[in-house]
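The values are calculated or read from the model by the stated rules, or taken from the named source; none is laboratory data. Predicted model, so just to flag it, every value in this text is computed and none were measured. Cβ atoms come from the backbone with ideal geometry, glycine included; neighbour counts cover every protein chain shown. Side chains are part of the model used for accessible areas, which takes the heavy atoms of the whole protein and leaves out ligands, DNA and RNA. Shrake-Rupley method; radii C 1.70, N 1.55, O 1.52, S 1.80 Å.
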Number of protein chains: 2
Amino acid sequence: MPTSLPQLKKEFTEGLSQISRFWGFPKGMGAIFAVLYLSSVPLSLDEIVQKTGLTKGAISTEVRTLARMGLVHRSSKLADRKDYYEAESDFYKSIRSILKERQNSEFDNAIRSIAKTLAKLNAGEISGDNEEIKFIRQRVQAMQEFFDALDSLTHAVVKLESLGLSNISKILSVLK
Amino acid sequence: MPTSLPQLKKEFTEGLSQISRFWGFPKGMGAIFAVLYLSSVPLSLDEIVQKTGLTKGAISTEVRTLARMGLVHRSSKLADRKDYYEAESDFYKSIRSILKERQNSEFDNAIRSIAKTLAKLNAGEISGDNEEIKFIRQRVQAMQEFFDALDSLTHAVVKLESLGLSNISKILSVLK
DNA sequence: TAGAATGTTTAGATATAACTAAACGAATTA
DNA sequence: TAATTCGTTTAGTTATATCTAAACATTCTA
């Protein structure tokens, strides 16, 4: 028997919810993106309420996060004070925007704290057993280099405006 | 005034805990990895208890997860029934191992569910408005292609045994 | 076999995140 | 100005994840 369209949308939405949770986001965020992504016209907040079953409050905050990550866009119609939202469908664009967003995050603060640790070690400002200090400096430095590499990797991806992910992976597989 | 070595270790451990949480792992996991990473000798479970302040139970389960991800290794000494743990210091190796581990995860199941949705759409098994079905098929397909690209990208990275991340990012930046 | 030293599992506590319901504020219209 | 329509914020609830404490299982030793 044929699946109905609403049923199919529901399955899709549940799938995206799981994916959202996997990446450490609220599952509601995935659901919101899903309904926007499957809609050919921008939706108002109340329409999203109706389609997801979430409350205005939750959607208001989560949609803001999505917008900050570049995954949805806010728009408005003339003579209509409702806000409308639509999904970004160019995922490559979104990725770049997410990576940029990441710059000021907790993550980078933490990484900076590693760098500070290393600076202290290199400046000889640490008191303690010399052999151990040597070992630890070497370890911390290796980690710092790894994070630096990750960082320049993401910068490189951000810079590659026109190249799609699929092309990048093709290139990498050739390098093998 | 010079920072003491224990103080420095504490700072480093807190940094890694934050990073761990950022990636959606328990912060205790970051702490456990940190103490192992800063130790030049493998540590027993009780030593980790002593150095992190966590309980045996928590460490027992978290260290298992770390081992599965290839971030720590379990070893044992002759005539000593304690287990010993040490950190993997080759992060590139760890990344590959983590990506492999990911294969059977919730994430990939969710992605497979997207593929199933698409298959139904393509098989014409869906009842509903034709224009809308057309639109939705196009959208779901675009998403599927994106995930496929991501997938082959990770496969490519996994395959690149000898190439470090820093080299990869160098290559990508040249491509620009 | 009894006892000790280990690692694991489990039941429950605590902390954290997600979400709801309702109050609020701002803008708009009557 | 009063009433309406929208989005946001907030206080509190619910759900989930993390961690503890203690029971448990296993292996070794005497």
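The phi torsions of the stretch A:145-154, fed into the Karplus equation with coefficients 6.51, -1.76 and 1.60 and a -60° offset, translate into couplings of 4, 4, 5, 4, 4, 4, 4, 6, 4, 5 Hz, rounded to whole numbers, with Gly and Pro shown as x.
Shape annotation for the stretch B:5-89: C-alpha extents along the principal axes are 39, 29, 25 Å, from largest to smallest.
Hull surface divided by four, with the convex hull built on the Cα atoms of the protein assembly as shown: how many nm²? Provide the component values of the computation, followed by the final result.
Values: hull surface 93.8 nm².
Orientation-averaged projected area of the Cα hull: 23.5 nm².
If you place +1 on the Cβ of every Lys and Arg, -1 on the Cβ of every Asp and Glu, and leave all else neutral, what size is the dipole of the protein assembly as shown about its Cα centre, to the nearest 20 Debye? Write down the numbers at each step before the final one.
Numbers: 50 positive and 42 negative charges, 7 e Å.
In total the dipole reaches around 40 debye.
Database remark: amide H of A:S44 closer than 5 angstrom to the amide H of A:Y85 (H placed geometrically; neighbours at sequence offset of 5 or more, or on other chains; Pro and chain starts carry no H). Using a probe of 1.4 Å, the accessible surface attributed to B:E131 totals some 120 Å² when neighbouring protein chains are kept in position.
Computed over the protein assembly as shown, the per-residue total of -39500 (n - 2.57) for DSSP H runs of n ≥ 4 gives a 222 nm mean residue ellipticity of -22500 deg cm²/dmol, rounded to 500. Dipole of chain B computed with +1 at Lys/Arg Cβ and -1 at Asp/Glu Cβ about the Cα centre; of B:L121, B:T13, B:S75, farthest Cα towards the positive end is B:S75.
How far apart, in nm, are the 7 Å Cα→Cβ label points at B:E145 and A:K116? Here the answer is 4.6 nm between the modelled labels.
Once A binds B, the 1.4 Å probe can no longer reach about 5900 Å² of accessible area, counting both sides. Antiparallel beta bridges, as assigned by DSSP with both residues in the protein assembly as shown, represent about 80 percent of the total such bridges. Label-to-label distance for B:V41 and A:K56 is 6.5 nm, based on points extended 7 Å past Cα in the beta-carbon direction.
For chain B, report the translational diffusion coefficient in µm²/s to the nearest whole number, using Stokes-Einstein at 37 °C, 0.692 mPa s, and a Kirkwood Rh over Cα pairs. In µm²/s, the coefficient rounds to 167. Solvent-accessible area of chain B (1.4 angstrom probe, protein heavy atoms only): carbon and sulfur portion equals 53 percent. Taking R0 as 56 Å, what FRET efficiency do you get between B:A123 and A:V158 from their Cβ-Cβ distance, rounded to the nearest 0.05? Once rounded, the FRET efficiency stands at 0.90.
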